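Trainee: Let me give you the structure first, and then I'll get to my questions.
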């Protein structure tokens, strides 16, 4: 026996995103024992949608159901037509979320159900937030993390490279600049190693690798296009967001943001799922430690290293970890065009090339070569550096740009910078004793990064350098006067550089 | 330096309830580093609202801001006019919610801030759900619970009775019928004890005390009106929802519902806050244990008893607890009119009066009289029962009805029952070995409870009674043929009564 109600359709011109939502009048809901976030099946002719209930005493009457734009379009209903509403149970996964909150270990099937319901937008924000909270407070066991990883992979796209050696690199972010991926991929690919690299766009940083690569070429490709590019060049540097390697994880990001929750189990599963989906089996992890980086101590980094290794072993992925200094930006440019210029200068062996970026890139590339069995232990960096010296890495980079529909002949001087500039000068003579990465990011973003490719900053002096009073430490660039004014205000307000 | 954006107002005709919401276009949000659930100040002329951001690529353009109905009305803006948007920080309390998730104890000030932000609709569902999750998983210490109680009281209405003895009663629900409050209040009040009782309406049960009292009189009164009623009659039986004793708790109910989370600390604080707000200082707790009741074992009940006592002592509230049998309905009627009839029969000493209700009512009243120092230990129930025998409780009940603008002369036969009825008959001869309270509730609600006062069921035979095959066990009533059909279906499907 099923409860079935007939109500008049009223269009609400808002698209909710996430789970479909309908609005019922609160008296109607009360009388029929329906409460906010309960689920109903709403049907019209031969179409139906399962939606979460919103209860309101405004905008609709007791005889009406408010239908948001996404559901309206699926049902193809017209104003005032009669639709059918049937209350149904909550999705299975809400039980398992509750179970996790009760500190019980979840089985593979239960995690599969949760992930599936997340991917198909069957859960409300409150339910997803509860899962995130439980994962954060209680944590996930290795088994749960492994099963979560598999569930994410199974509900997302995969690359299926079918190669014995597929290399990859992952950095636990938080360091501006740091475009080592764009050094590493061409080096590895130039030595015949398959390295289908997907990168993120900026989330909180001035630019992600995908934003900077976009200066040279397109970065949004389908799975099939990526395969073709990699087949042709051994590598790629594309935007992970254009493929759905970890769609479940993407859906959780929204509810993690308000309290900046980054539950370790979810993070590990998200990273590993992307590696598995890319069919990577040799992965180097870059773990920068720094006051404003994600990892703030050696202890944290060692812990993370262990967790990555334990999880990777469940997927037959060989890993190596490097713990690096995350206390200052890597490279001299911050922002898409400025970072892209650094990359070109490195490959072109220009005297303006930032040596820290070249060094970090070749160290990581070297270790990855060793991990892949292409270089003997201890020889990696030398071999990697040779690929820059002999121009082969640059050649490969240009090949990749071309395969990604870009212009391989682009030169550093072609990369425009914002016309509005301002210098940050040393307020006294001394040694730079601190660089505030958070402030650097904030200033670069205020200049317009990452949307404005021409925005950002160029750093002349870094941590440990001696400076004279009035000497330029960095220059900021923006194409908007309003934006540079805002950046200048932040520069004045925050302690960006400390000199002792 | 403040970021300030000017956008065109677009009206979205939905009232969100809870925190005000505005919608920004996702490209605009991305460029300006604003994310979903971030907070902005939206200003128009001399008015402003702090709202949570919803990000969408539909319905609005990059130059527009979508303004939901509640905000639209406050700002008094017209379509297309320019409003100002300024991103601001998240409310302070989000930090403390995060702190609680990190297992740190919250201070009085931190809890005050959280409660204040909840009451004034400054938190999103996700943030509130995270607080509920943390309270559920980690729990609240006695200090935290005490501070939470005080914060709820301080942000709600209070009665300020200023009496040395103010009596009250609280039942941890889950038992259908069980209208002991309506027996206890007149008895206590008839003996000169002040007992300003606020009760709830049904949430998941067929009827709450307020729903049943509404059969006799009005139940929604302001604080001042309640004071006048109590001054005149010593007691009242009113709906707690009409006063805001625990407005913070009411706001959390929505986000607790989807996963049926009832964190102990929040529950204790909510109950105690209502007692403190009513200025009650002598409270009897009824803790029914039963398979479908909230408390399922003696251990749970003992634990709850201890927690109530510990918390009450912080507020100089004297408590007594009775652990009762919650395995079957109390009284014979279920549903507002049927329960009201039981009450009248008890007061009128009618032979049809359900003795279990009278007995439980007088036991609780007796213990409360003892707690208040009105009866000597062991004499309470006798004194309470005498007030029924000598008609004084009924007289008092009629006084209260009159003070609450009702008809004191209402008789059992005036209480109409639904015209559609159906009997549930014993399928075999034997003894009733189980009564499924959950099924009883479901059937009564399907008949139309609590909205239809005439709906419900009348129970002839109860747990332990012997029945012959075909004998009536209960009759259901509804004024809607459709509803009674639904109830009959549930009756057939569920194991309502077991006979052995």
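Trainee: Need a quick list: helices (runs of 4 or more DSSP H) entirely within the stretch A:1-102 having at least 2 residues that are in the same structural domain as residue A:114 (by TED's automatic domain parsing).
Mentor: A:92-101
Trainee: Looking only at helices (runs of 4 or more DSSP H) that lie completely in the stretch B:334-400, which have at least 2 residues being in the same structural domain as residue B:477 (by TED's automatic domain parsing)?
Mentor: Those helices (runs of 4 or more DSSP H) do not exist here; none qualify.
Trainee: Does the stretch A:139-160 contain any residue that is part of a loop (DSSP other than H, G, I, E, B), within 14 Å of chain B (Cβ to nearest Cβ) and under 30 Å from residue A:104 (Cβ atoms)?
Mentor: Yes, the conditions are met somewhere in the stretch A:139-160.
Trainee: Could you check residue B:193 against (1) within 14 Å of chain A (Cβ to nearest Cβ); (2) under 25 Å from residue B:287 (Cβ atoms) and say which number it fails?
Mentor: (1)
Trainee: Then there's this: Name the single residue that is farthest from the other protein chains (Cβ to nearest Cβ) among those in the stretch B:229-286 being touching a strand residue (DSSP E or B) at 6+ places or on another chain (Cβ under 7 Å) and part of a loop (DSSP other than H, G, I, E, B).
Mentor: Ranking the candidates gives B:281 first.
Trainee: Turning to a different aspect of this structure: Among the residues of the stretch B:51-61 satisfying the criterion of being touching a residue at least 40 places away in the same chain (Cβ under 8 Å) and buried (at least 19 other Cβ atoms within 10 Å of the Cβ), which is nearest to residue A:257 (Cα to Cα)?
Mentor: If we take residues in the stretch B:51-61 being touching a residue at least 40 places away in the same chain (Cβ under 8 Å) and buried (at least 19 other Cβ atoms within 10 Å of the Cβ), then B:52 is nearest to residue A:257 (Cα to Cα).
Trainee: Still on this structure, I have one more. Could you please find all residues in the stretch B:369-402 being touching a residue at least 60 places away in the same chain (Cβ under 8 Å), touching a helix residue (DSSP H, G or I) at 6+ places or on another chain (Cβ under 7 Å) and surrounded by 20 or more Cβ atoms within 10 Å (Cβ to Cβ)?
Mentor: B:369, B:384, B:387, B:388, B:393, B:394, B:396, B:397, B:400
Trainee: Of all residues in the stretch B:447-486, which are buried (at least 20 other Cβ atoms within 10 Å of the Cβ), farther than 16 Å from residue B:333 by Cα and touching a strand residue (DSSP E or B) at 6+ places or on another chain (Cβ under 7 Å)?
Mentor: Scanning the stretch B:447-486 gives B:467, B:484.
Trainee: Oh, and also: Could you list, in sequence order, the residues of the stretch A:25-47 that are away from chain B (no Cβ under 12 Å) and surrounded by fewer than 20 Cβ atoms within 10 Å (Cβ to Cβ)?
Mentor: Answer for the stretch A:25-47, where residues must be away from chain B (no Cβ under 12 Å) and surrounded by fewer than 20 Cβ atoms within 10 Å (Cβ to Cβ): A:41, A:43, A:45, A:46, A:47.
Trainee: OK, next. Taking residue A:8 as meeting all but one of (1) more than 29 Å from residue B:491 (Cα to Cα); (2) crowded, with 19+ Cβ neighbours inside 10 Å, write down the number of the exception.
Mentor: With (1) more than 29 Å from residue B:491 (Cα to Cα); (2) crowded, with 19+ Cβ neighbours inside 10 Å applied to residue A:8, the lone miss is (2).
Trainee: Residues that are at pLDDT 95 or above, in a loop (DSSP other than H, G, I, E, B) and in the same structural domain as residue A:220 (by TED's automatic domain parsing): does the stretch A:182-191 have at least one?
Mentor: Yes, the conditions are met somewhere in the stretch A:182-191.
Trainee: Determine whether residue B:76 is within 12 Å of another protein chain (Cβ to nearest Cβ) and either surrounded by fewer than 21 Cβ atoms within 10 Å (Cβ to Cβ) or more than 16 Å from residue A:16 (Cα to Cα) (or both).
Mentor: The answer is no for residue B:76.
Trainee: Within the stretch B:403-446, restricting attention to residues that are loosely packed, with under 13 Cβ neighbours inside 10 Å and without any contact (Cβ under 8 Å) to a residue 12 or more places away in the chain, which residue is nearest to residue B:296 (Cα to Cα)?
Mentor: The qualifying residue nearest to residue B:296 (Cα to Cα) is B:413.
Trainee: Residue A:71 versus (1) under 29 Å from residue B:452 (Cβ atoms); (2) buried (at least 21 other Cβ atoms within 10 Å of the Cβ); (3) in contact (Cβ under 8 Å) with a residue 24 or more places away in the chain: which is the lone unmet condition?
Mentor: (1)
Trainee: Examine the stretch A:5-22 for a residue that is within 20 Å of residue B:260 (Cβ to Cβ), within 38 Å of the chain's Cα centre (by Cα), modelled with pLDDT of 90 or more and within 13 Å of chain B (Cβ to nearest Cβ), and state whether such a residue exists.
Mentor: yes
Trainee: Among (1) modelled with pLDDT of 95 or more; (2) part of a loop (DSSP other than H, G, I, E, B); (3) over 19 Å from residue B:334 (Cα atoms), there is one condition residue B:427 misses while meeting the rest; what is its number?
Mentor: (1)
Trainee: From the set of residues in the stretch A:214-227 that are part of a helix (DSSP H, G or I) and without any contact (Cβ under 8 Å) to a residue 24 or more places away in the chain, which is nearest to the other protein chains (Cβ to nearest Cβ)?
Mentor: Filtering the stretch A:214-227 for residues that are part of a helix (DSSP H, G or I) and without any contact (Cβ under 8 Å) to a residue 24 or more places away in the chain, the one nearest to the other protein chains (Cβ to nearest Cβ) comes out as A:225.
Trainee: Filter the stretch A:48-66 down to the residues that are within 22 Å of residue A:127 (Cβ to Cβ) and within 11 Å of another protein chain (Cβ to nearest Cβ) and list them by number.
Mentor: Selection gives A:52, A:53, A:54, A:55, A:56, A:66.
Trainee: Name every residue in the stretch B:107-121 that is buried (at least 22 other Cβ atoms within 10 Å of the Cβ) and either within 14 Å of chain A (Cβ to nearest Cβ) or in a loop (DSSP other than H, G, I, E, B) (or both), in order of residue number.
Mentor: Residues satisfying the conditions are B:114, B:117.
Trainee: Take residue B:339 and tell me if it is surrounded by fewer than 24 Cβ atoms within 10 Å (Cβ to Cβ) and closer than 19 Å to residue B:394 by Cβ.
Mentor: Judged against the criteria, residue B:339 is not a match.
The values are calculated or read from the model by the stated rules, or taken from the named source; none is laboratory data. All figures in this text were calculated on a predicted structure; none of them were measured in a lab. We place every Cβ from the backbone using ideal geometry, glycine too, and count neighbours over all the protein chains shown.
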